[in-house]
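Worksheet: the structure to be examined is printed underneath.
The values are calculated or read from the model by the stated rules, or taken from the named source; none is laboratory data. A quick note: this is a predicted structure, and the numbers were derived from the prediction, not measured. With ideal geometry, Cβ positions are generated from the backbone for all residues, glycine too; neighbour counts draw on all protein chains shown.
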Amino acid sequence: MRRYGKHTDEDDIRTRPGRRNTRPRTTIRPKHEDAAEGMVLTVDRGRLTCLVGDRTVLAMKARELGRKAAVVGDRVALVGDLSGKKDTLARIVRIEERTSVLRRTADDDDPFERVVVANADQLAIVTALADPEPRPRLIDRCLVAAFDGGLTPLLVMTKSDLAPPDKLLELYGALDIPHVVTSREELETGDAAERVRDHLTGKITAFVGHSGVGKTTLVNALVPDDRRRSTGHVNAVTGRGRHTTTSALALPLAAPDSWVVDTPGVRSFGLHHVDPSRVIHAFPDLEPGTAGCPRACSHDEPDCALDDWVAGGHADPARLYSLRRLLATRERTEGD
Ligand SMILES: Nc1nc2c(ncn2[C@@H]2O[C@H](COP(=O)(O)OP(=O)(O)OP(=O)(O)O)[C@@H](O)[C@H]2O)c(=O)[nH]1
Ligand SMILES: [Mg+2]
Ligand SMILES: [Zn+2]
């Protein structure tokens, strides 16, 4: 087996049984049946902050887990020092089966897939109506990742004080996906938080979107003051206000079993891992139109029934264009 990174003496004892009795430092290994359950809240250079009961415990992955990474939202089993005291480090001995997986690759050509969040129920796709300009392609890609990963999408349109939501609502209103529009003023009055919160109760919701769209600002408005994170204007010193958030973090809401996960802004949302035949599921406005397609239609060929579907006024032509653009970029990667 290949070795990765640093490992402890204790790990040596496990992976090289012959040395077990030669080392006086052997600690009694707690039985994994006794392991405590926890949830990963954030990950920082191999150190995982986990919620165990009502304690926050710093942990590292046990070597026996191999290369499988625990990510934010993972349910894990922990052993060792679970006191949560300073300078203690517990070990994660098991990652429980995930109910959903939000994956992305850097771009479509990148086979290295990263799991952004595990076990989220909902994906809040955050788009600013201006500054930065909305990017429907990115929204569509997030929708594909949501459908593919088993998350229900929620569209959040921020900064309606800067530009109206009409155009985006025209594109996405027909999709039967819940949406919320928020403005600076509504953030200040608390209306924005209240309206978004309506969609979050009893769920784990991951917030994703381009840098600067206001994910952290919104998450901060949702959680108690002492949980607040830095937002873009802090970075205004650099004159950019970009990529303020550098790691995903799960934060509890007041309602039981309700969590929000703030994530770093993304420039792109690669879908290398998504089978092109599944992309259509993220276009619920177009999907019924595929009934008349030839078998195994790529939806990007002359006999595709979607042209007639759109010509018949059943869906916005921009949506078909978007689907085909997405399929085309996906297909380019098929050959490699
Ligand atoms: N005008 C206006 N500005 C907003 C609104 N919401 C957030 N902002 C501003 O947008 C900037 C970026 O906000 P952030 O919350 O840091 O954005 P983010 O999406 O977390 O960005 P990253 O962490 O880089 O991904 C900040 O200056 C916010 O004050 C809004 O509704 N209206
Ligand atoms: Mg942020
Ligand atoms: Zn077709």
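Would it be correct to say that residue 226 is more than 12 Å from ligand 2 (Cβ to nearest atom), within 21 Å of the chain's Cα centre (by Cα), at pLDDT below 95 and surrounded by fewer than 16 Cβ atoms within 10 Å (Cβ to Cβ)?
no
Where the second residue is part of a strand (DSSP E or B) and of a type in the set (Asp, Glu) and the first is outside the structural domain of residue 250 (by TED's automatic domain parsing) and lies in the stretch 47-62, which pairs have Cβ atoms under 9 Å and are six or more apart or on separate chains?
52/37; 53/37
Looking only at residues in the stretch 84-111 that are assigned to a loop (DSSP other than H, G, I, E, B) and either small (Gly, Ala, Ser) or without any contact (Cβ under 8 Å) to a residue 12 or more places away in the chain (or both), which one is surrounded by the most Cβ atoms within 10 Å (Cβ to Cβ)?
Across the stretch 84-111, the extreme among qualifying residues is 100.
Here are 137, 114, 141: which of them is farther than 18 Å from residue 251 by Cα and buried (at least 24 other Cβ atoms within 10 Å of the Cβ)?
So the residue among 137, 114, 141 that is farther than 18 Å from residue 251 by Cα and buried (at least 24 other Cβ atoms within 10 Å of the Cβ) is 141.
Within the group 151, 162, which residue is under 23 Å from residue 222 (Cβ atoms) and buried (at least 18 other Cβ atoms within 10 Å of the Cβ)?
151
Yes or no: the stretch 122-133 includes at least one residue that is loosely packed, with under 14 Cβ neighbours inside 10 Å, under 30 Å from residue 75 (Cα atoms) and free of Cβ contacts under 8 Å to residues at least 24 places away in the same chain.
no
Looking at 168, 123, which one is at pLDDT below 95, outside the structural domain of residue 316 (by TED's automatic domain parsing) and under 28 Å from residue 324 (Cα atoms)?
168
Here's the yes/no breakdown for (1) at pLDDT 90 or above; (2) among the hydrophobic types (A, V, I, L, M, F, W, C); (3) loosely packed, with under 14 Cβ neighbours inside 10 Å; (4) under 25 Å from residue 212 (Cβ atoms):
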site	(1), (2), (3), (4)
253	yes, yes, no, yes
259	yes, yes, no, yes
299	yes, no, no, no
309	yes, yes, no, no
317	yes, no, yes, no
327	no, yes, no, no
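Restricting attention to the stretch 236-251, report how many residues are surrounded by 13 or more Cβ atoms within 10 Å (Cβ to Cβ), within 9 Å of ligand 1 (Cβ to nearest atom) and either of a type in the set (D, E, K, R) or at pLDDT 85 or above (or both).
The total comes to 2.
Quick one: residue 203 ticks every box in (1) surrounded by 17 or more Cβ atoms within 10 Å (Cβ to Cβ); (2) at positive phi except a single one, so which number is it?
(2)
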